[in-house]
Every structure is written in C-alpha cells, then in structure tokens.
Amino acid sequence: MAGLLMAQAVMLVLFAWPNARTEPRDVPIALAGPPPAVEQVAATMEERLPGAFTIHRVADEEAARERIEERDDYGALVLGAEQPRLLVATAANRPIATLLEAVATQAAGGQVAVEDVFPAPSDDQQGAALTMSMLPMVLLPMIVGILLSQLVPYLRWRLAGALTFSVVGGFACAAVLQGWIGVIEGSYASNAGVLILMMSAVSLTLVGAGAVGRTVGVGLGALVVFLFGNPFNGVGAGPEMLPQPWGEIAQLLPAGAGGQLLRSSAFFDGHGSGEQVLILACWVAFGVLLTLCAGWFRRSSARRGGEADQESQARQALQETRTA
C-alpha cells in the first residue's frame, strides 16, 4: 500500500503540475514592419511579459507567413499599416493564438485586425478532442508492448506483434479522427503514417525494454514513455507553455514528437516535420536494436551453456574411464 500511495503521488504531480504552471516561456513569434515600430512593440512586450516570447524580426508579411507555415513561429504581428494585423494559426495551438491576440492588442496600443491563416477544424475549434485522443494512442501501444513482453516467448514474434498492432491501429485511429470525429484534416495516408510511426515507437520501445530488462525494463519504459512523456507532450497547451526544461525534453519522447508531427501532417501539409520524424524513427530503431541485442545475448548464453554441458559430460566420462 505504501508503494501504491507513492505511485499515486507521483502520478498526481506529473499530470496536475504541468497544467497548474502553464504560462508562456519563449514562445516564438514574428514581428514585421518598419524597424522603429518593431523595436518599440518588442520592447513593450518584453516589459509587460518578460521572457514570455522569442521575437523574430522579419522583413515583411510574406516572410512572416512563411515562418508560420514552416512552424517556426506561432504567429506574427505586422506593423506599418493604418491598423496593425495579427496573423495566428489556431491549428498550431488555440491557447497560444488566444494569448497572442490579447498581448498584441496591448502592445500595439489599440485594436488589431486578426487573421487566422491556419484555422483549426470546425469540429474541434479548441483542440480539446485532439489533445484527449493522445492518451489512448499512447496508452494502448504501451499496453501491447507490455503484454507482448510478458506473454510471448519468442522475440521475433514480439516485434511482429508490435508492428502489426501499430499498422492496424494507425489506419484505424486515423479513420476515426479524420473520417468520423473530424479533428484532423489533410491526407489520410499521411496522417495514418504518422500514427503508425508514433505507435511503433511506443510499442517497440516497451518490447525492447522488456527484452533487455524484463519486468524492470518494462517498468522503466512505461515510466519514461507514458508517465512522463504523456503529461508533458505539449499537444494541448504547447510545449513552450509548460514548465521547463521538462516541456522541451518531452518533445524528444514519442508522445511529444508524435503529437507535433500529427499537427504538421494534418494542418500544415507536413511542413516543419523533419525533426519529429527523425525522433520517432530513432525510438523505433532503439526498440528494435534492444530486442536484437537481447536475442543475440540469449543465443550466446545458450551456446556457452551447451559448450559447458559438453565439457562437463566429457569430464564425467573421463572420470568414469579412470575409475573403471
């Protein structure tokens, strides 16, 4: 019971603390317009919210739009016209877009025209459905990896089982999210590929951890992938809004990288997704490598055991011959 109470306290901290400490921390945005106006607005924003934004000064509105499309910035404030214009992307993150509207109005000293250049889908305006969908898409592959590690004796069957579940689950989840609920858009094949990659990263990591460390390995894998990775995935609030450095570290885990990659595939035509693809591919390779290393160790141990048995039998036969 003491162990369970401790586990409950840890889970409470991991799931509640990030939401209780949500605030902007170096959120990347762009400012375009005449240098004097840009510098004045940048100074005002830094004075009112120190450390809240990382401001990139760009030449014009076209450059600002390009940075939003490439997912380098969450939004941009365009100055120089009669009325400042704010470009946001609610598909990237609704809470940050709302924050930018409030901050831009204060910094510009008046009303700001707002344009949503990459809007969120009409069936999930706040992004809550996509945020909640990350839980089963990480939890179920983790459970599959645990069950395969505990119930299936052959390592190659574990790998085949994890990959089969990930492929079928990826296509099924994409069909539900895009075809039925309507929380993601874009290419169905691309979205399914993203989910397959993310689920493979989770399930194969657990399979590899179980192959090397057995029960202890499975426990450590679940702790890293789910108990830490899922609360800090940044899909809902944005990784820059979470306590640091944990929000950034979680982007190197399957849940964080997979969530951001799914946004890029569904709403930004895959722009800015190279880093997340590489991260997930590394987790897939890591899980497979752990499993192969465990198989090699088992075969080596079996060979050494066989050679030891043969040597023992030879010694016993020699002893019997001498005795006779």
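The values are calculated or read from the model by the stated rules, or taken from the named source; none is laboratory data. Just so we're clear, the structure is a prediction, and the values are computed from it rather than from any experiment. Neighbour counts run over all protein chains shown; Cβ positions are idealised from the backbone, glycine included.
Just a few scattered comments:
- Hits in region 42-64 (condition: over 16 Å from P24 (Cα atoms) and among the aliphatic types (A, V, I, L, M)): A43, V58, A59, A63, A64
- Helices (runs of 4 or more DSSP H) enclosed by region 14-117 - at least 2 residues per element that are at pLDDT below 90: 35-48, 94-108
- Single residue of D116, D73, D60 found to be under 23 Å from S273 (Cα atoms), of a type outside the set (S, T, N, Q) and surrounded by fewer than 20 Cβ atoms within 10 Å (Cβ to Cβ): D116
- Flag if A237 is part of a helix (DSSP H, G or I), aliphatic (A, V, I, L, M) and at negative phi: no
- All positions within region 123-164 that are under 16 Å from P231 (Cα atoms) and among the β-branched types (V, I, T): T131, V138
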